[in-house]
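**Student:** So that we are looking at the same thing, I have put the structure below in structure tokens.
The values are calculated or read from the model by the stated rules, or taken from the named source; none is laboratory data. Worth saying up front: this structure is predicted, and the values here are computed from it rather than measured. We place every Cβ from the backbone using ideal geometry, glycine too, and count neighbours over all the protein chains shown.
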Amino acid sequence: MKSDVLKLIRNAKEYVSIETLCQACEMSPLALKTTIAQLEASGYDIDRDSEKGYKLISYPENISSTELISRATTNWAGKVVFYRKETTSTNEEAKLLAEDGRGQGALVVAENQTEGKGRKGRSWYTDGRNSVAFSLILRPDFGMDKVRMIPMVMSIAIADVLTKLTDLDVKIKWPNDIIINGKKVAGILTELGTRDEKIDHVIVGVGINLNQKLMPEDIADKATSLFMEKGERYSRADVIVAVMEFFEYYYDIFVSSGDISDMVAVYESYLVNKDKEVKIHDPNGDYEGVATGINDFGELIVQRDDGKYIRISSGEVSVRGVYGYV
């Protein structure tokens, strides 16, 4: 209810009458007054006028469920939000919610993660109010072979958002690390839940470094933030809402086509590995080659030194630059 009231007064340029708010939100004047008081207690500056109604003057920088839902511009992604001041992992929270029956598009956001998870069992550093950590629940109706493309779809959405926000040269290190100036600024972790040997849910976890001024010493050589690259602070709510909008757009295309054929060009425009020498860490033996791009299924195409072309699926191997991370 609070998010409905907030959305109406946020989107209005002038005052919104009490009558309009009560009718639109199906609430009594007393309930509206209580809701406005609750918003004010949460830091929203709302001007009251007995004749004109209410007008939003300013609002706090937060990522509460009320704030995010009131900003949502999507049809399904992030329309339901679960806010946690602190959690071990947003992916774990989302997993429990999915197992409890929460539907597609439910979003878990947290101020802080104590045990944030990265790919291949690594941890993910979360710096409270200077970064964002969120996980999205998906209920896909397709085979497991397509799941590995979902984080690539999310990587395109994040790259689009960060490019538009910063004008920086944002890149993707195959398959889905987000890179600025050779350092990682965002990571994606996808986890799968099954039931009766079919996909029950997919959790897409995202961590983005926004306003950190420094990185911990152990990751300073390979991690960065938007502030460190641009010297400007960014709204966490703006970033989350924008990522939901862009991801929904690309994901709907992906589901419709059954692959990422319609996104290959945009993905390759961000691909930091394209036409670069790469080292493939394969369980069957390492080798080097040149990454020529991706195919419609998100596989990286590498031309080995012997001229042979190899298709590489994410999860099977690790790809790094010959002379470093990218």
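**Student:** Among the residues of segment 49-86, which ones are in contact with a Phe, Trp or Tyr (Cβ under 6 Å, 6 or more places away or on another chain), over 19 Å from residue 137 (Cα atoms) and among the hydroxyl-bearing types (Ser, Thr, Tyr)?
**Tutor:** Once the filter is applied, which keeps residues that are in contact with a Phe, Trp or Tyr (Cβ under 6 Å, 6 or more places away or on another chain), over 19 Å from residue 137 (Cα atoms) and among the hydroxyl-bearing types (Ser, Thr, Tyr), segment 49-86 yields only 59.
**Student:** Still on this structure, please answer the following. In segment 59-90, which residue that is modelled with pLDDT of 95 or more and in contact with an Asp or Glu (Cβ under 6 Å, 6 or more places away or on another chain) is nearest to residue 7 (Cα to Cα)?
**Tutor:** Selected residue: 74.
**Student:** Let me ask something else about it. Pairs under 6 Å by beta carbon, first residue within 21 Å of residue 94 (Cβ to Cβ) in segment 173-200, partner surrounded by fewer than 24 Cβ atoms within 10 Å (Cβ to Cβ) and of a type in the set (Asp, Glu), six or more apart or different chains?
**Tutor:** Close Cβ pairs (under 6 Å, with a partner that is surrounded by fewer than 24 Cβ atoms within 10 Å (Cβ to Cβ) and of a type in the set (Asp, Glu)) amount to 193/200; 194/200.
**Student:** Being surrounded by fewer than 20 Cβ atoms within 10 Å (Cβ to Cβ) and either over 20 Å from residue 24 (Cβ atoms) or acidic (Asp, Glu) (or both) is the requirement here; does residue 104 meet it?
**Tutor:** Yes, satisfied.
**Student:** What residue, of 308, 276, is farther than 20 Å from residue 206 by Cα, of a type in the set (Lys, Arg), out of contact with any strand residue (DSSP E or B) (no Cβ under 8 Å at 6 or more places or on another chain) and surrounded by fewer than 16 Cβ atoms within 10 Å (Cβ to Cβ)?
**Tutor:** Working: 276 fails: out of contact with any strand residue (DSSP E or B) (no Cβ under 8 Å at 6 or more places or on another chain).
Result of the check over 308, 276: 308.
**Student:** If you don't mind, another one. Could you figure out which of (1) among the hydrophobic types (A, V, I, L, M, F, W, C); (2) within 33 Å of the chain's Cα centre (by Cα); (3) surrounded by 16 or more Cβ atoms within 10 Å (Cβ to Cβ) isn't true of residue 18?
**Tutor:** (2)
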